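Structure first, commentary second.
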Amino acid sequence: MKNKTIHISIATLLIACLTLLSDPFMLWMPMGAQMGALLGATVLLAIWAGFVMYERAPDEREAIHRMNAGRIAYLSGIVLLTVALVTQGLAHEIDPWISLTLGTMVLVKLISRFYSERFQ
């Protein structure tokens, strides 16, 4: 239970930082130092959530749940980036980071699949 609480709290903090960083409703106008501190905290949380914090699967059923969660997260990212690409394409203002991220996700998935088929 402690492990789930930590994961949920880190994810909640990351979403809150990303929301504050993007300021979707233009509610606040942060100073440069505030924005820099918020950006630093968001980057550190993203690194922690994505790379440092890991989950252990004690049995096969848990491993399958974790693989399914990863698959759903990957597919959600692909769908969201594709929608963003289409929306920006129709507005004739394509952000290159969206294309780069989408291509990187697909390429890394392909490389990791070939790697796991060959070496595992």
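Which value, in Å², gives the accessible area per residue of the chain when a 1.4 Å probe is used on the protein heavy atoms?
Value for the chain: 83 Å² per residue.
Convex hull volume of the Cα atoms in the stretch 29-73, per residue, in Å³?
Here the figure is 79 Å³ per residue.
In the chain, what percent of the accessible surface is made up of carbon and sulfur (1.4 Å probe, ligands and nucleic acids excluded)?
Accessible surface attributable to carbon and sulfur in the chain totals 72 percent.
Efficiency by 1/(1 + (r/R0)^6): what FRET value for residue 106 and residue 5, r their Cβ-Cβ distance, R0 = 30 Å, to the nearest 0.05?
Taking R0 as 30 Å, the efficiency between residue 106 and residue 5 is 0.35.
Can you list which of the chymotrypsin sites (Phe, Trp or Tyr not before Pro) found in the stretch 3-93 are DSSP loop residues with at most 13 other C-beta atoms within 10 Å?
Those that pass, being in a loop and sparsely packed, are 25, 28, 54.
Between residue 37 and residue 56, with labels modelled 7 Å along Cα→Cβ, what's the label distance in nm to one decimal, could you check?
The answer from the label model is 3.7 nm.
First check a/c for the stretch 62-115, with a ≥ b ≥ c the square roots of the eigenvalues of its C-alpha gyration tensor; if it is under 1.5, answer rounded, and if not, answer prolate when a/b is larger than b/c or oblate otherwise.
oblate
Could you tell me which label, among (1) 17.3; (2) 14.7; (3) 14.0, carries the value of Kirkwood radius over Cα pairs in Å calculated for this structure?
(1)
The values are calculated or read from the model by the stated rules, or taken from the named source; none is laboratory data. Everything numeric here is computed off the predicted structure, so don't read it as measured data. Here the Cβ is made from the backbone with ideal geometry for all residues, glycine too, and neighbour counts use every protein chain on show. Each accessible area value is taken on the protein alone, full model and side chains, heavy atoms only, with ligands, DNA and RNA left out. Shrake-Rupley method; radii C 1.70, N 1.55, O 1.52, S 1.80 Å.
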